[in-house]
Amino acid sequence: MSRQVYINGKFVPAEQATVSVFDHGLLYGDGVFEGLRSYNSKVFRLEQHVRRLYESAEAIRLEIPMSQAAMGEAIDLSVQTNGIEDGYIRAVVTRGAGTLGLDPNRCHDPQVIIIADAIALYPEELYEKGLEIITSSVIRNHPAALNPCIKSLNYLNNILAKIEGLEAGCIEALMLNHKGEVAECTGDNLFLVRDGQLLTPPLDAGILGGITRGAVIELARETGLEVLETTLSQDDVYAADECFLTGTAAEVIPVVKVDDRSIGTGKPGPITLDLKERFHRLARE
Ligand code: PMP
């Protein structure tokens, strides 16, 4: 059976799930999205993801034509309808079809799309050996230009950094903010371990408030680790004992090299491995 995609209240076969070429989501990246995971057919932190979707929409003054509860149910139903156990779900709300001009007020029919699919994980080997990443020359969007806490359909900032990473043979790239501070990676948040403390940039560094980031902070505090959301420099990264990334798709993944400099011992560290394991269990419990 072909994949059933939810679009504006109905499930249709994937090949029939289409939007207009006049949709401002396509023409201008005018829309918002979420990426979620299901484990054993249950969506991880569904309410938090739905809340973030609505916050993103509110930030761009896009009114989603359904309640948060109905959105949560539609996401759940997408997983059930497609018989997915461990999967990845993409929820998208576009501004809808309008004219070729920018004016969002000419778009009267926001499109709500939910795609539930299999999850394409990073190779297992990378979780054991750790990632090598570079610092991109592309800085993260200035919060006063397009705030990174809005998960908008305009991901070019991240894509440009991702291209630079890929050209250097790295699947992730670190992005600094306009002040030269560590922000986040193209699709993941960043953590460091230094002297037994867990450090991560604060939200006002201009980052997405990752849901995995939040879960990892909670888990770390439960184990008695001190967690500081604090401004970090590139030198803090190079001097760290351990480094790892968090994200819905990646979960927790160790980083062992940044810009050709080994982090700590050059192998995934004990605190990273412990938190990776704890997150793995939390997501599947
Ligand atoms: N930062 C960016 C830019 C992202 O796109 C993502 C993942 N979508 C994250 C961080 C991680 O967020 P989450 O843990 O909610 O997936």
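The values are calculated or read from the model by the stated rules, or taken from the named source; none is laboratory data. Since this is a predicted model, take the numbers as computed values, not measurements. Positions of Cβ are generated from backbone atoms using ideal geometry, with glycine treated the same way; all protein chains shown enter the neighbour counts.
With (1) in contact (Cβ under 8 Å) with a residue 40 or more places away in the chain; (2) within 16 Å of the ligand (Cβ to nearest atom); (3) assigned by TED's automatic domain parsing to the domain that holds T248 as the list, and Y88 as the residue in question, which single condition is left unmet?
(3)
Here are some conditions: (1) of a type in the set (D, E, K, R); (2) in a helix (DSSP H, G or I); (3) within 17 Å of the chain's Cα centre (by Cα); (4) surrounded by fewer than 18 Cβ atoms within 10 Å (Cβ to Cβ). R90 meets all but one. Which one does it not meet?
Result: R90 passes all but (2).
Just to be sure, is G187 of a type outside the set (A, V, I, L, M) and at positive phi?
When the stated conditions are applied, G187 does not pass them.
Is it fair to say S41 is at pLDDT 95 or above and within 15 Å of the ligand (Cβ to nearest atom)?
It is false that S41 is at pLDDT 95 or above and within 15 Å of the ligand (Cβ to nearest atom).
Per-residue answers, yes or no, for (1) of a type in the set (F, W, Y); (2) more than 14 Å from N40 (Cα to Cα); (3) modelled with pLDDT under 95:
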residue	(1), (2), (3)
N82	no, no, no
G87	no, no, no
L102	no, yes, no
P110	no, yes, no
I115	no, yes, no
A118	no, no, yes
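When you check L190 against the structure, is it of a type outside the set (F, W, Y), in contact with a strand residue (DSSP E or B) (Cβ under 8 Å, 6 or more places away or on another chain) and farther than 18 Å from A249 by Cβ, yes or no?
No, not satisfied.
Filter region 7-48 for residues that are outside any helix (DSSP H, G or I), aliphatic (A, V, I, L, M) and under 19 Å from L153 (Cα atoms) and give the result.
Residues satisfying the conditions are I7, A17, V19, V21, V32, L36.
What pairs come up if the first residue lies in region 192-219 and is on the phi > 0 side of the Ramachandran plot, the second is more than 11 Å from the ligand (Cβ to nearest atom), and their beta carbons are under 6 Å apart, counting only those six or more places apart or on different chains?
Here the result reads G206/P143; G206/N177, each pair linking region 192-219 to a residue that is more than 11 Å from the ligand (Cβ to nearest atom).
Might you check whether a residue that is closer than 30 Å to I253 by Cα, exposed (fewer than 14 other Cβ atoms within 10 Å of the Cβ) and of a type in the set (D, E, K, R) occurs anywhere in region 9-17?
Checked against the condition, which is being closer than 30 Å to I253 by Cα, exposed (fewer than 14 other Cβ atoms within 10 Å of the Cβ) and of a type in the set (D, E, K, R), region 9-17 yields no hits at all.
Looking only at residues that are farther than 27 Å from Q48 by Cβ and small (G, A, S) in region 241-279, which one is nearest to the ligand (Cβ to nearest atom)?
G269
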